[in-house]
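Working notes, structure below.
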Amino acid sequence: MNKIIFQIGILAFCVAAVAYASLGYDAVDIVARSFIVFIAAIVVVVAVIVGTSLLTTKQKHGTEGSGETA
């Protein structure tokens, strides 16, 4: 799982580097901005995975107590 998250971050870094290079930024600006995109991509992917796991956990726990009798 960690390897996949890291590879998604590297992909975002490379795409951002190409995009910023085509806009004509300096090399230091390209690396700095691409690193920010790299960190943001990793944070977003981890947040999506954690959010998904929390939602599926709540759904599993929410259906256990539905057998009440009146």
- [ ] Subtracting the Cα-Cα distance from 0.36 nm times the residue separation, let me have the gained length for residue 52 to residue 3 in nm, one decimal.
- [x] 15.8 nm
- [ ] Between residue 27 and residue 44, with labels modelled 7 Å along Cα→Cβ, what's the label distance in nm to one decimal, could you check?
- [x] 2.8 nm
TODO: Along Cα→Cβ, 7 Å out, is where each label goes; now give me the distance between the ones at residue 19 and residue 36 in nm to one decimal.
DONE: 1.3 nm
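Among 34, 53, rank each residue by its count of other Cβ atoms within 10 Å, from fewest to most, as a rough exposure measure. Don't skip to the end; give the middle numbers.
Details: 34 21, 53 10.
The order, fewest Cβ neighbours first, is 53, 34.
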- [ ] Only Cα pairs under 8 Å and at least 6 apart count here; give the relative contact order of region 2-60 as a rounded whole percent.
- [x] 41 percent
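No value in this document is a laboratory result; all are computed from the given coordinates. For clarity, every value in this text was computed on a predicted model and none was experimentally measured. Cβ atoms come from the backbone with ideal geometry, glycine included; neighbour counts cover every protein chain shown.
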